[in-house]
1. Mind listing just one residue for me: the one in the stretch 139-171 that is open to solvent by 60 Å² or more (accessible area, probe 1.4 Å) and not in a helix (DSSP H, G or I) and, of those, farthest from Thr207 (Cα to Cα)?
2. Of all residues in the stretch 605-616, how many are surrounded by fewer than 18 Cβ atoms within 10 Å (Cβ to Cβ) and in contact (Cβ under 8 Å) with a residue 24 or more places away in the chain?
3. Determine, yes or no, whether Ile349 is assigned to a helix (DSSP H, G or I), at pLDDT 70 or above, within 43 Å of the chain's Cα centre (by Cα) and within 19 Å of Ile408 (Cα to Cα).
4. Step by step: first the residues of the stretch 539-574, then only those that are under 24 Å from Asp303 (Cβ atoms) and of a type in the set (Lys, Arg), then the one that is least open to solvent (accessible area, probe 1.4 Å). Which residue is that?
5. Do the conditions hold for Lys281, that is, is it open to solvent by 70 Å² or more (accessible area, probe 1.4 Å), within 30 Å of Val346 (Cα to Cα) and modelled with pLDDT of 85 or more?
6. Please note which helices (runs of 4 or more DSSP H) are completely contained in the stretch 57-135 and include at least 3 residues that are aromatic (Phe, Trp, Tyr) and under 29 Å from Ala156 (Cα atoms).
7. If you take the residues of the stretch 225-252 that are open to solvent by 70 Å² or more (accessible area, probe 1.4 Å) and assigned to a strand (DSSP E or B), which of them is modelled with the lowest pLDDT?
Amino acid sequence: MTMPPKKKVAGRSNLHSGRKKGTWPLLGPKESDIQAQDGIEVSLQHERFLTVLEHLPIYIYLRNMDHDIIFANQLFRNYFGDPSGKKCFEVLVGGSKPCRVCRPSKVLTEKRQQQWEWTEPHIERTFHVFCYKLKDFDGQILILEVGIDITGQKTAERQQAHLVSAIDQASEALILANAEGTIIYANPAFENITGRSADEIIHSSLTSFVEESLDPLRVPGFEKAFNDGLAWRSEISKSRPDGHRYDIEISVIPVCDHHVSGTINNFVVIIRDITEEKKLKWHLDQKKKLEALGTLARSIAHDFNNILAPIIINSELVLSNLAEGSSERSSVALVLKAAIRGRELVDQILAFARPSDRQTRHFRLVPLIEKILTELRSTLPDNIDLLTSFNVGDDDFEGNPVQIEQIISNLCQNSIKAMKAAGGSLEVSLSTRIHEKSPHKHLPDSITGDFFLLSVKDSGTGINPEHLELIFEPFYTTREKGKGYGLGLAIVHTIVTGLGGMITINNNPGSGCEFLVYLPRSPVSQAGPKDEAELSQPRTESIRILIVDDDKQARDILQIILEQQDHTVVSVDGAVQALSLILKPSEHFDLVITDYLMPELNGLELAKRIKDSGLTVPIILSSGLQQKDFQRLGLSLADVLFVGKPYSESELHTLIQTVLSRH
């Protein structure tokens, strides 16, 4: 009986066809069985088997003990190329000899399945590999390797690792809650911001965490947003376990299921520490207020000083004609004192806008402080004792007496209010101190030198530590509305730093507070104004003075004062008239006193015309503006001696003597 010829299985390459000893097919009947079956049926079985292997989403290859690849499916060929006639190490690693450590071979030595992860650098794919030991029907040992592409999974894992790392290192606190609002995670920044560990809030209620520091009026709004699955944001002030207050911006965001509309899977809470941001905003707001205050002060200073000038001068004129001890004299003295305080109030406001604009001179500190404290003592409550101590030798100081008065008055008033209820003692002392480094941790070490140390100490309630960092800020006050404007200590700080000094605090909450003001000592400036005794002998004879001012009231008052000092006075209401008069050969003036703001020509333009004409007559420029205003306008005062309004009769007399001593 003749057997029909054996049919060849249709293959996709020579790896898929033929039947040699030690080669595929792995599964299938023995040859004797094949001969007993219909050849077409066998071919179909093999074709189905190959089709399954070809289309599996994993790579598969089979090799023998000689490293020959005897079968590879389509995905393997797509990744690594056609392995026909090649060995596994040539195809997979591009080697010319077997790998030094052959991981698939471990299935033979360890007699168990092997698995590992492998990244092929050329195709940049990562596989989870499984290796098995098999035998074909002839008993030949084969190694089957299956590789599952996990590149996407590894990429996702890396992205997740990056995300986790970013969340762990984020400066914002991130809290994750489940759909029921139970907190299940908090990153490290949560502890940095709140001072609480994540363990404290894990498994707790998200709504309770938010509402514990939320204003009761805002709770319903949060609860409605939470229950409706809406995003919610707010700013909250909270306290750390150590009592330190901080401000946060908190956002609660629902995370919805993309596959099921309206279904919330989680809630993400983002907490941002805005403490410093709010402080910066607060400082900027204060700066804007100061700028507005400065603009207002500059706007009213000129006119207000012009109003005060005739009040001060006329009051002095009236006082000089009233008998000592008369009731009329006391009344006029009060008017004069009020006008002077009005002038100082303008200076006090301008101290914020332009702390360095104040004119300085040399004076003795101790007599000035004693005078200030004498006036203060008369206003002290009966339950407060004032103690003083002055331990200085040379107390000559270069500054502005009004500023020193502001420093002492504001510090003392602050202490008095701290002791008003229980009483106590107020100690004011002045000593000298040399510092080679900053005496306070908040001050730079570069602030060194020889200082006057002014101490104002009280036995009051001290300062709440929470307020300590803000007490020198403008408009910051802890008093009831209408009982304080937050300017006193801010003025002190502005003046002291403007003088090149510094101020520190020894604070003892519950038992008192001490302000230490360091004022720099400096030698008498050689270019500065000299004491009256050092001036050359003043000219005491009558001189001829030209007054130029478009304000008749101011002109008339000034003329009365100068004539009482035995001077001959001519007054005109404008610079053009003054110029035509002074340039006449028949006219001679020893001094010109001119206002600045006038029609046609201002005071500086008049001074320049006079100088250009060749005349050397000294000129005093008087204005309600401040000296630095002219500098900001780019106007030079080199040709004049400047005096700010309002000024007193004695100040005017001293100024005239100074001018005459130099000419």
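1. Of everything passing the filter in the stretch 139-171, Gln140 is farthest from Thr207 (Cα to Cα).
2. 7
3. no
4. Arg555
5. Considered against the rule, which asks whether it is open to solvent by 70 Å² or more (accessible area, probe 1.4 Å), within 30 Å of Val346 (Cα to Cα) and modelled with pLDDT of 85 or more, Lys281 comes out as yes.
6. Helices (runs of 4 or more DSSP H) meeting the threshold: 74-80.
7. Going through the qualifying residues, I end up with Arg245.
One line per residue, one yes/no per condition, for (1) part of a strand (DSSP E or B); (2) over 21 Å from the mean Cα position of the chain (by Cα); (3) over 27 Å from Glu651 (Cα atoms):
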residue: Asn266; (1), (2), (3): yes, yes, yes
residue: Thr295; (1), (2), (3): no, yes, yes
residue: Pro310; (1), (2), (3): no, yes, no
residue: Asn314; (1), (2), (3): no, yes, no
residue: Ala338; (1), (2), (3): no, yes, no
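The values are calculated or read from the model by the stated rules, or taken from the named source; none is laboratory data. This structure is a prediction, so every number in the text was calculated from the model and none was measured. Note that we place each Cβ from the backbone using ideal geometry, even for glycine, and neighbour counts take in every protein chain shown. To get the accessible areas, we keep the full protein, side chains included, count just its heavy atoms, and leave off ligands, DNA and RNA. Shrake-Rupley method; radii C 1.70, N 1.55, O 1.52, S 1.80 Å.
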